[in-house]
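First comes the structure, then the notes that go with it.
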Amino acid sequence: MIKQTKQYTITILDHEYSLVSDEPEAHIQKTVQKVDSLMKEILEKSRLADQTKAAILAALQIASELLHVQGERENDLGHCQ
């Protein structure tokens, strides 16, 4: 089955972006909420004024979380074989 793409208007840190995705709307909303709240947290805690730097730090944190989950999954799959 081919997934249909849909265009979304999302808001992160009060900036609107246009996004085209084949992911369900609920997934997009959850993803946007995660990024928005993480960037707000980084800006608050680090007292950064630069949103680009906050975006890079957020991307690094999310990538780190993903790598941890992938590593755990690989370990779990290795134990099952």
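The values are calculated or read from the model by the stated rules, or taken from the named source; none is laboratory data. This is a predicted model, so every value here is computed, not measured. Note: ideal-geometry Cβ built from the backbone for every residue, glycine included; neighbour counts use all protein chains shown. We work out accessible area using only protein heavy atoms, side chains counted, and drop any ligands, DNA or RNA first. Shrake-Rupley method; radii C 1.70, N 1.55, O 1.52, S 1.80 Å.
Consider segment 45-81 and keep the residues that are acidic (Asp, Glu) and at pLDDT below 95. The one that is nearest to Leu13 (Cα to Cα) is Asp50.
Taking segment 12-31 as the range and being closer than 22 Å to Leu48 by Cα and either under 13 Å from the mean Cα position of the chain (by Cα) or part of a loop (DSSP other than H, G, I, E, B) (or both) as the test, the residues that pass are Ile12, Leu13, Asp14.
Number of residues in segment 11-35 that are under 18 Å from Ala59 (Cβ atoms) and either small (Gly, Ala, Ser) or open to solvent by less than 30 Å² (accessible area, probe 1.4 Å) (or both) equals 5.
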